[in-house]
Amino acid sequence: MNTLNQVGHASPRIDAQKRVTGTATYTGDIRLPGMLYARVLRSPHPHARIRSIDLSRAQALPGVKAILTRENCDVVWGSGDTRNKRYLFNNPVRFAGDAVAAVAALDRHIAEEATRLIEVDYETLPFVLDPEEALQPGAVEIQPGGNHSPNNRGERQPEVYRRGNIEEGLRAADQVFEDHYTSAHVNNAQLEPRVAIAQWEGDKLTVYASTQGISNCHTEIARDLNLAPEKVRVICQFMGGGFGNKNQCHDFDLMAALLAKQAGVPVKLEFTRKEDFLSVHGRWPTKQYYKVGVKRDGTLTAIQLRGYSGMGPYRKGSGGIAGIEIYQCPHVERSVTQAYTNIAVSANLRGPDYPQGVFGIESLMDDVAYSLKMDPVDFRLKNMTRKFNDQTPYTSIGLEDCIRRGAEAFEWKKRWHAPGAGSGPVKRGAGMAMGSFFSSMGRSSAVIDLDSRGMYHLHVGVTDIGTAAKTTMALIAAEELGVPLEKIDVIWGDTDRCPYSVGESGSRTTTHTGYAVVEAARDLKRQIAEKGLPQGSQMLTATANTNPAAPTAARYSFVAHFAEVEVDTELGHVKVVKYVAAHDSGRVVNPLTATSQVKGGAIMGIGMALHEELLYDKATGLPLTAGYYGARVMTHLDAPEVEVLWIETEDAYGPFGAKTLGEPTIIPSVAAVANAIYNAIGKRVKDLPITRDKILGVLA
Amino acid sequence: MSRISRRKFVEGTGAGIVATAVPLKGQTARTAPVTPSVPHTTIQVTVNGERRKIEVEDRWTLVEVLRDHLGLTGSKVGCDRGECGACTVLLDGRPVYSCSQLAVWADGRSVETVEGLTQHGQLDALQQAFIQHDGPQCGFCTSGQLMSAKALLNHNPHPTVDEVRHAMTGNICRCSNYNRYVESVMAAAGTLSASARRKA
């Protein structure tokens, strides 16, 4: 791979100083003159019909300025549900945390007190928490038409993928393995709680949002409030994480706008941490039933998955279960059913369909390898994908190198052993898993203005959720323009000043918007060649609206993770003691921040493997672990040192050959840890998270 | 050991005040809205070396006063319930969750926030190391991480990696950039000891 001048060199974030001095302005830091504070009242029941709401005591509280309920607000939140009409305030309420009212008052204490003074008369209804139980005849109907959420074609049928003939594949096998796995509802738990500030100036609405995509947020606010697009402005300057649950316009953006309209002054609507855990969304819980057919020599003949995803009561995400596509196999069938349940809503969390699915299939493939007396690394090298779905070549594939070089760096041969070997009570074990993630190409835009002082003003509609997107865009521009990084001034996070960007979801910013930046830079260079450098008050402007055709080949990133754990067989405690992550994301634009992404994604996955779950009380349908302590997200003391290995394949597409990066980082981590635990203790825990009680349970 | 260091630190802060001679503000900070029916108290707090007289509602937390009434928004509210550490500040030199301290409890005491780390336009060694070693991803937990690290280095300038992890484990980073934060603190400690050696 050729060496470039800017791209590929470690570069601190261009906004790092702001982030370490407390001067970066996050949405919640903004205070507008005369601004009110708003709070939301939420259902304490998992499923209930609202008979009546009495606002009289809340309205009488001094300082209360505006209240919204279903009585005076029938606005539909378009991106809150892709199948049904989801209002800002719904009746019946369908999960503990569904919004019932929103109050704006002089300060947050008064708003909070007012929500407590609202009297709601509920008629409680039966509820169902488990996706399979929700699909049983006689289960309470959560949405009109039943709990089987329609697939992409609007049919109440599973999403099905087939190649070959699964029955034939199972018949051709020397041995068929069958097992099932479950994964839990896990919250995104980004540090910045949800907040929106809405301000009306005449008929123009400005929303200071905490969003991963200002363009999407802008379009959706205009649509849901029936405003002309030019009458809406969305600003997000600094953003405290999202991991997929701040992709679209959210109900609180709309509520803030409506409260501000009613009160005639700006309104800041804040969520508490508990609301943030319950009322936005987390990763969908799944149940996965697999059958795998294999020849004696380890060749796969069939993979079958029947899966169920619990979506909560509103359909916000795909509910997919991915992972089996990392294996080559002639006969494959995957059928996944999405069901409505009365738990918190489920949708995107870093690699939405993947880590839970990869946990399932990689746990089973590990068992297959052990059963055939094959080294799990050799088994994967034999059966890993070579073409996408065994049909379409990849634009580039570094998976084999990820596995081989990752295993070397990890010292796999030294650390891996027969399952359960070791005398204990603390046992060590090694595990690995692999994964892939779509590396899309698509629509985005960029504008570069060059002034006579030689500054390049790069306008991109990114918000930088922690991925260093601004720095990445600046590096790409500097590289293509052949100027120092300091000459690039990035303007971001404001729909009145920036062109369309895809939004920071699907790990697409580098590949989509980065590509637009390259094209804008090329256009600018052509203009300079033609017209010369701008003088005095002159300015050159280059614009790129790009939508590159998808390559005929499949474009994917690849990854293999290796973990070593210590399991205390008396206490059930697991500690990850060594970790190697090998990644093929094409060319790495900024190794400093990219490495941070990998370290973070892997550690986040360890938390999903070992701790995190939004637990529900089966008797009451109420959540028990909504918060950082309850969810037991990873802390400094839990986090191992993650060694990162870059397998930089040459890829002909994307900006300088960069592929996706942010989401692949979490994909195989859960399975790698699970497989290491199996290697340590010789028993397999098949339900996430792998908590102490479950480890002691399988050892008993 | 740490008690002595803490006292020294507090004395150091006091000396700073004399040197910069920040006068006590004659006027109480404007803190509207104060709900008349709610008990309120006038407190005196030294914030980043500057003595402030503030009228507060007794129900206000320290972080609310810092952010909403003194404009010091560097300290973040991640959970408002003592779980995440994004609001960590130093109270008389010790790290506390400012969401879990009532403002009235800070009366007569000294508070240091992230805004106080930069002295005369010069970044603290920790801040420089956080930039070079890519400490912040989204950055929302960063101020808290910095203040916990600052408290550690104030009483233990040469920590081991394990001591850093223990001192900062009350600061959650959901981007999970823990490796980078530890690396940054170790680098800052190294820089500090190198400069101390040069002076000696």
Quick count over the range B:156-192, residues being in a helix (DSSP H, G or I) and either surrounded by fewer than 14 Cβ atoms within 10 Å (Cβ to Cβ) or at pLDDT 95 or above (or both), is 21
Expected single match for of a type outside the set (Phe, Trp, Tyr), in contact with a Lys or Arg (Cβ under 8 Å, 6 or more places away or on another chain) and within 14 Å of chain B (Cβ to nearest Cβ) among A:Ala60, A:Ala24 is A:Ala24
Notebook entry, point to check: at positive phi and modelled with pLDDT of 95 or more - does that describe any residue in the range A:59-74?
Noted result: yes
The range A:617-700: helices (runs of 4 or more DSSP H) wholly inside it with 1 or more residues that are more than 14 Å from chain B (Cβ to nearest Cβ) are A:669-681, A:692-699
Selection over the range B:124-146 where residues are surrounded by fewer than 24 Cβ atoms within 10 Å (Cβ to Cβ), more than 7 Å from chain A (Cβ to nearest Cβ) and of a type in the set (A, V, I, L, M) yields a count of 1
Taking the range A:569-608 and keeping only residues that are among the hydroxyl-bearing types (Ser, Thr, Tyr) and away from every other protein chain (no Cβ under 13 Å), one is left with A:Thr569, A:Ser585
If we ask which residues in the range B:76-89 are at negative phi and crowded, with 24+ Cβ neighbours inside 10 Å, their number turns out to be 9
When (1) out of contact with any Gly (no Cβ under 6 Å at 6 or more places or on another chain); (2) within 26 Å of A:Pro92 (Cα to Cα); (3) buried (at least 24 other Cβ atoms within 10 Å of the Cβ) are applied to A:Asn226, the one that fails is (3)
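Every residue, every condition in (1) assigned to a strand (DSSP E or B); (2) within 17 Å of A:Lys659 (Cβ to Cβ); (3) not small (Gly, Ala, Ser), yes or no:
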{"residue": "A:Cys498", "(1), (2), (3)": "no, no, yes"}
{"residue": "A:Thr511", "(1), (2), (3)": "no, yes, yes"}
{"residue": "A:Glu519", "(1), (2), (3)": "no, no, yes"}
{"residue": "A:Asp523", "(1), (2), (3)": "no, no, yes"}
{"residue": "A:Pro534", "(1), (2), (3)": "no, no, yes"}
{"residue": "A:Phe558", "(1), (2), (3)": "yes, yes, yes"}
{"residue": "A:Glu570", "(1), (2), (3)": "no, no, yes"}
Only one of (1) of a type outside the set (S, T, N, Q); (2) modelled with pLDDT of 95 or more; (3) out of contact with any Leu (no Cβ under 6 Å at 6 or more places or on another chain) does not apply to A:Cys249, and that is (2)
B:Asn154 passes all but one of the listed conditions (1) out of contact with any Lys or Arg (no Cβ under 8 Å at 6 or more places or on another chain); (2) over 20 Å from A:Glu641 (Cα atoms); the exception is number (1)
**Message:** Among the residues in the range A:134-156, are any assigned to a loop (DSSP other than H, G, I, E, B), touching a His at 6+ places or on another chain (Cβ under 8 Å), at negative phi and free of Cβ contacts under 8 Å to residues at least 24 places away in the same chain?
**Reply:** yes
Within the range A:507-530, of all residues that are farther than 16 Å from A:Thr546 by Cβ and of a type in the set (Gly, Ala, Ser), the one surrounded by the most Cβ atoms within 10 Å (Cβ to Cβ) is A:Ser507
Note on the range A:79-108: residues within 30 Å of A:Asn151 (Cβ to Cβ) and touching a strand residue (DSSP E or B) at 6+ places or on another chain (Cβ under 7 Å) are A:Lys85, A:Arg86, A:Tyr87, A:Leu88, A:Phe89, A:Asn91, A:Pro92, A:Val93, A:Ala96, A:Gly97, A:Asp98, A:Ala99
Subset of the range B:120-140, residues without any contact (Cβ under 8 Å) to a residue 24 or more places away in the chain and closer than 12 Å to B:Lys150 by Cβ, comes to B:Gln127
Item to complete: Report yes if some residue within the range A:399-410 is outside any helix (DSSP H, G or I) and closer than 23 Å to A:Leu645 by Cα; otherwise report no.
Response: no
Within the range A:306-327, residues part of a strand (DSSP E or B), out of contact with any His (no Cβ under 8 Å at 6 or more places or on another chain) and more than 16 Å from A:Asp366 (Cα to Cα) come out as A:Arg306, A:Gly307, A:Tyr308, A:Ser309
A:Lys599 fails exactly one of (1) buried (at least 21 other Cβ atoms within 10 Å of the Cβ); (2) basic (Lys, Arg); (3) more than 29 Å from A:Gly420 (Cα to Cα), namely (3)
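Rundown of residues vs (1) at pLDDT below 95; (2) closer than 30 Å to A:Pro419 by Cα, yes/no style:
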residue	(1), (2)
A:Asp638	no, yes
A:Val644	no, yes
A:Glu648	no, no
A:Gly654	yes, no
A:Ile666	no, yes
A:Ala672	no, yes
A:Asn675	no, yes
A:Arg684	no, yes
A:Ile690	no, yes
Of A:Gly240, A:Gly244, the only residue that is more than 21 Å from A:Arg39 (Cα to Cα) and either not assigned by TED's automatic domain parsing to the domain that holds A:Trp200 or not polar (S, T, N, Q) (or both) is A:Gly244
Every listed condition ((1) buried (at least 22 other Cβ atoms within 10 Å of the Cβ); (2) assigned to a loop (DSSP other than H, G, I, E, B)) holds for A:Val332 save (2)
Taking the range A:518-559 and keeping residues under 30 Å from A:Met434 (Cα atoms) and in contact with a Lys or Arg (Cβ under 8 Å, 6 or more places away or on another chain) leaves A:Ala554, A:Arg555, A:Tyr556, A:Ser557
Of the residues in the range A:83-98, those that are more than 17 Å from A:Ile221 (Cβ to Cβ) and in contact (Cβ under 8 Å) with a residue 60 or more places away in the chain number 7
Quiz prompt | Test: A:Ala339 is at pLDDT 95 or above, surrounded by 24 or more Cβ atoms within 10 Å (Cβ to Cβ) and within 19 Å of A:Ala626 (Cβ to Cβ) | solution = no
Being modelled with pLDDT under 65 and either in contact with a helix residue (DSSP H, G or I) (Cβ under 8 Å, 6 or more places away or on another chain) or within 14 Å of chain A (Cβ to nearest Cβ) (or both) narrows B:Ala32, B:Ala19 down to just B:Ala32
| said: Taking the criterion of being crowded, with 22+ Cβ neighbours inside 10 Å and more than 19 Å from A:Cys236 (Cα to Cα), would at least one residue in the range A:14-32 satisfy it? | reply: no
Is it the case, given these coordinates, that B:Gly139 is under 20 Å from B:Gly71 (Cβ atoms) and not assigned by TED's automatic domain parsing to the domain that holds B:Leu72?
yes
message: Suppose the filter is in a helix (DSSP H, G or I), in contact (Cβ under 8 Å) with a residue 40 or more places away in the chain, touching a strand residue (DSSP E or B) at 6+ places or on another chain (Cβ under 7 Å) and surrounded by fewer than 24 Cβ atoms within 10 Å (Cβ to Cβ); does A:Glu480 pass it?
response: no
Within the range A:446-467, of all residues that are outside any strand (DSSP E or B) and among the aliphatic types (A, V, I, L, M), the one farthest from A:Thr510 (Cα to Cα) is A:Met455
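The values are calculated or read from the model by the stated rules, or taken from the named source; none is laboratory data. Fair warning: this is a prediction, and the values are worked out from it, not measured in the lab. Glycine also receives a Cβ, built like all others from the backbone with ideal geometry; neighbour counts cover every protein chain displayed.
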